[in-house]
Amino acid sequence: MGLGVLFATEMWERFNYYGMRAILILFMTKALMFDKAFASNLYGSYTGLVYLTPLIGGFISDRFWGNQRSIIAGGILMALGEFVLFGCASVYATNSSLATFLFFTGLGLMIAGNGFFKPNISSMVGQLYPDGDNRKDAAYTIFYMGINVGGALGPFLCGLVGDTGNPFDFKWAFLVAGIGMTISVIVQLLLHKKYVKGPDGEVLGLTPAGVAKSVINPFLMAVGLVAFSAVMIGILYADAKIFPFLSYLLIACVVFIAFIIFSDKTLSKIEKDRLVVVFVASFFVVFFWSAFEQAGASLNFFADEQTKRDLGFWTIPASLFQSLNSIFVVLFAPLFAFIWVKMGKNEPSALTKMAIGLMLLTIGYVVIGLGVKGVAPSVKISVMWLISMYALHTWGELCLSPIGLSLVNKLAPFKLASLMMAVWFLANAGANKLAGVLSALYPEEQIKEATYDVAKSSISVDSVTFDWRNAELNRNACYGRYYI
């Protein structure tokens, strides 16, 4: 039953995260009217910080708050973030200044909350069983399925209610995602202490021993969470609006950690050589994830603008394609596990598997390249090209992601295990930021042909008529970006 509680907690959190991510860049470009370059860079900064903050949240959890308290605190922040974004999507057409404030506030709350939530759930799965218990591997497999069930349902449901073609409906996607996150928090509050227990019967994830009561005072915790959220909001806003410094910050973090590690004179030459392998693998992982994470950015644009989604009776929302990766993981993960076991002594090394993952990712982009080759910009291609690409990308992920985590655990000395996991998270953070930079290269839509009626003082664009004497266009009638 303890595994079921952790499964449900993680599933609803992933529902929230991936559901919101599926429509985020579409909301920025279709409702807030950000240009694609700005929206892509902001998307990259947001997802990059999502992978960076668990380093801070994990540290605080391990030493002061404990897993459950951190999970609940992070979940509340993320739910609030979604509801703030719901408010943003409700007022953007009437009060742009308030909408901008709410937008960055909502994203900042999501980033801060994720920092406390993300690193704490999975660590408790293994603690449910004693060392050597063969149920542990099966438990992680079931837990991983929970992640992907949430990753599949989130984009599907949020896309259905929010990505309708009318930008005013995006608010419903944020609301649904927020409800999912609230369910995750409720599950933890009601069921954790009753069911999430270790082999000795003790509740897992409570306050670490020796922590002073003042540290877990609810008021002081709330102040700390508000301060941390404010810092995240400030970093995101400053990076987007003032100076794009996040990339430099991530590089500086990597250099700093590398200096700490390789200046440690207690490490042997063999240990340092192994750590070099981890850094090299992490370097190449950046390129994999920066291409893979186009799913929520440029590939979302591609699905929206250049993919034939009309089934006659229904037009598939572009955001629904974000569910494919999780669906394919559930379908193909057992097959890949079977293949590695069946190969026995001929099983490829970890680095070879990672290279295969990169190759499959590349082939996926070759496939989509073949789909658009020689096709006029106004012609849309079959969804099968996009589906095939996502299948190849998932195969690449199954070769690289679990193998990379295993490699870090195997090669890192015990005393540096957490620090090397930080390197892995930094690689993911850097990759997501780079994904936004690359997505910014996606071209804007072609300028629409407009007809000017001087006598009526109006402009007609794709059968939508605007009074050109009115300083503000009616956004309720404008579902796309028009250059007039």
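Diffusion coefficient (Stokes-Einstein, Kirkwood radius over C-alpha pairs, 20 °C, 1.002 mPa s) for the range 206-276: 133 µm²/s, rounded to a whole number. Plugging the Kirkwood radius over Cα pairs into Stokes-Einstein for the range 71-205, at a temperature of 4 °C and a viscosity of 1.567 mPa s, what D comes out in µm²/s? The diffusion coefficient I find is 78 µm²/s. Computed as a quarter of the hull surface, the mean projected area of the alpha carbon convex hull for the range 199-357 stands at 19.0 nm². The relative contact order of the chain, computed from alpha carbon pairs under 8 Å that lie at least 6 residues apart in sequence, is 25 percent.
Our coupling estimate for the range 201-210, obtained by passing each phi through the Karplus curve with A = 6.51, B = -1.76, C = 1.60 and θ = phi - 60°, is x, 7, 5, 8, x, 7, 4, x, 5, x Hz, Gly and Pro reported as x. Using the alpha carbons alone, the radius of gyration of the range 57-131 stands to its Kirkwood radius in an Rg to Rh ratio of 1.19. Shape of the range 116-184 from the C-alpha gyration tensor: prolate (a/c of 1.5 or more and a/b above b/c, with a ≥ b ≥ c the square roots of its eigenvalues). Rounded to the nearest 20, the Cβ-based charge dipole of the range 266-349 about its Cα centre (Lys and Arg +1, Asp and Glu -1) stands at 380 debye. For the set K308/K373; K36/K241; K353/K373; K136/K272; K373/K433, the pairs lying more than 19 angstrom apart at their alpha carbons are K353/K373; K136/K272; K373/K433.
Summarising the amide proton neighbourhood of L204: residues at separation of 5 or more, or on other chains, whose placed amide H is nearer than 5 Å comprise K197, G198. At the residue level, I356 shows approximately 50 square angstrom of accessible surface with a 1.4 angstrom probe and all protein chains present. In order along the range 229-235, phi translates into HN-Hα couplings of 4, 4, 5, 5, 4, x, 4 Hz, rounded to whole numbers, per the Karplus curve 6.51 cos²θ - 1.76 cosθ + 1.60 with θ = phi - 60° and x for Gly and Pro. For the listed peptides 76-85, 323-332, a ranking on the average number of other beta carbons within 10 Å per residue, highest first, reads 76-85, 323-332. When the alpha carbon gyration tensor of the range 246-295 is reduced to an equivalent ellipsoid, the three semi-axes, largest first, read 26, 15, 5 Å. The largest accessible area among S229, S263 belongs to the first residue in S263, S229, and the rest follow in falling order (1.4 Å probe, all chains).
Here the accessible area of the chain is 67 percent carbon and sulfur, with a 1.4 angstrom probe and all protein chains present. A cut-off of 5 Å between modelled amide H atoms, ignoring neighbours fewer than 5 places along the same chain, links I381 with T307, K308.
Residue by residue, the range 256-267 carries 3J(HN,Hα) couplings of 5, 5, 4, 5, 4, 5, 7, 8, 6, 6, 7, 7 Hz when phi is fed to the Karplus relation 6.51 cos²θ - 1.76 cosθ + 1.60 (θ = phi - 60°); x denotes Gly or Pro. The range 245-266 and the range 314-335 have Cα centres spaced 37 Å apart.
Over the chain, with a single point scatterer placed on each C-alpha, what log10 of the ratio I(q)/I(0) does the Debye formula yield at q = 0.10 1/Å? Each listed q maps to, in turn, -0.79. Peptides 34-45, 307-318, 427-438, ordered by how many other C-beta atoms sit within 10 Å of their residues on average, highest first, read 427-438, 34-45, 307-318.
The values are calculated or read from the model by the stated rules, or taken from the named source; none is laboratory data. Since we're looking at a predicted model, the values are computed, not measured. Note: ideal-geometry Cβ built from the backbone for every residue, glycine included; neighbour counts use all protein chains shown. Side chains are part of the model used for accessible areas, which takes the heavy atoms of the whole protein and leaves out ligands, DNA and RNA. Shrake-Rupley method; radii C 1.70, N 1.55, O 1.52, S 1.80 Å.
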